[in-house]
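Below you'll find the structure, written out as structure tokens, and then a few comments.
The values are calculated or read from the model by the stated rules, or taken from the named source; none is laboratory data. Since the structure is predicted, the reported quantities are computational estimates derived from the model, not experimental observations. All Cβ positions, even for glycine, are placed from backbone atoms using ideal geometry, and neighbour counts span all protein chains on display. Accessible surface areas use protein heavy atoms only, side chains included; no ligands, DNA or RNA. Shrake-Rupley method; radii C 1.70, N 1.55, O 1.52, S 1.80 Å.
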Amino acid sequence: MFDDVTPRLGLPYVVAAQAQKHIPINESLARLDGLVQLAVESRSVTVQPANPVSGAVWIAAWPGPPAGTLVRFEAGAWEVIAPAEGVLAWVKDENQMVAFDGVAWVPLSATFKSLTAAQTANQASTRLEILEQELTLSGAAVATSIAIPSRAIVLAASTRTTAAITGAASYNCGVAGEANKFGGSLGVAKNSSNIGVVGPTAYYADTPVVLTAIGGSFVTGKVRVAIHVLRFDAPAAV
């Protein structure tokens, strides 16, 4: 049995014995005009636009409509549209694509944590992957719970200090046995960063990244660690 509207886009159905059938059809066309190949003006405007162009769409950031909903203007009226999970939108004032994950709009690039660069017909593949974790620092050294994967090639480990580090003058970023493989004497101030590029190195066991204090022990501080790797998949089972 049909509802009054479609489940994902909320397009009005024409029901049996519908009077003035053009009304729900035109409502559906107007909504499709806003949602298909969606381009929004902005997701950061905090005051409702005073003179919007007909057909313009925003991701709501001003009081009134629920934050993150789509707000469309046409024929002197505003329409609030709840986005479905997976909807993509081009944000004009940012020149980037964003995706709705069911809760918030996130840059599409942020969803590509694992990307297949090449794949055979039998699903042997080469993948680019980023693993990321924020560490709270304490003691002489802290290891990530994420790891350079077994049978993968590491290309780099990058770091960003997200809360100033105390207790140590600087720190090393590396692995067990190579404390400064990805960088030595790194900064402790908030937003200090390092991109520790290395020659492609194969690992045959899961290997955590280790941050080691220099000139003392960690008392406080946080560092975001990203591991940049190439991973390989064998052909599919037969």
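The table that follows gives values for the structure above.
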read-out: Accessible surface ranking that places the most exposed of 59, 195 first, with a 1.4 angstrom probe; value: 195, 59
read-out: Sum of -39500 (n - 2.57) over DSSP H runs of 4+, divided by residues of the chain (222 nm, nearest 500); value: -2000 deg cm²/dmol
read-out: Gain on full stretching of the segment that runs from residue 129 to residue 92 - 0.36 nm per residue minus C-alpha separation; value: 10.5 nm
read-out: Residues in the range 140-157 that a label on residue 219 would reach, taking backbone N under 17 Å of a point 7 Å out along Cα→Cβ; value: 140-141
read-out: Computed log₁₀ I(q)/I(0) - Debye formula, equal Cα scatterers, no solvent, the chain, q 0.07, 0.16 Å⁻¹; value: -0.42, -1.05
read-out: Cα convex hull of the range 106-185, projected area averaged across orientations, nm²; value: 7.4 nm²
read-out: Residue order for 72, 127 - accessible surface, 1.4 angstrom probe, largest first; value: 127, 72
read-out: Where chymotrypsin sites (Phe, Trp or Tyr not before Pro) in DSSP loops with at most 16 other Cβ within 10 Å are excluded, longest remaining stretch of the chain; value: 14-111
read-out: The range 170-238 shape via C-alpha gyration tensor axes, a/c threshold 1.5; value: prolate
read-out: Residue 234/residue 50 FRET efficiency (R0 41 Å; Cβ-Cβ; nearest 0.05); value: 0.10
read-out: Extension gain (nm, one decimal) between residue 112 and residue 61, 0.36 nm per residue minus Cα-Cα; value: 15.8 nm
read-out: Carbon/sulfur fraction of accessible area - the chain, other protein chains in place, 1.4 Å, %; value: 57 percent
read-out: Percentage relative contact order, the chain, counting C-alpha pairs under 8 Å, at least six apart; value: 17 percent
read-out: In sequence order, calculated HN-Hα J values of the range 161-176 (Karplus, 6.51, -1.76, 1.60; Hz; x Gly/Pro); value: 6, 9, 9, 3, 8, 10, x, 10, 6, 6, 8, 9, 10, x, 10, 4
read-out: Part-to-part distance (alpha-carbon centres) for the range 63-113 and the range 135-200, which is given in Å; value: 35 Å
read-out: Local electrostatic count, residue 99, Cβ distance below 14 Å [Lys/Arg +1, Asp/Glu -1]; value: -1
read-out: Rounded to 5, percent antiparallel among DSSP beta bridges of the chain; value: 95 percent
read-out: Between helix 22-35 and the chain: long-axis angle, C-alpha atoms, 0 to 90°, nearest 10; value: 20 degrees
read-out: Solvent-accessible area per residue for the range 97-145 (1.4 angstrom probe, square angstrom); value: 60 Å²
read-out: Karplus (6.51, -1.76, 1.60) ³J(HN,Hα), θ = phi - 60°, over the range 101-112, in Hz, Gly and Pro reported as x; value: 8, x, 10, 9, 8, 10, x, 4, 4, 6, 8, 8
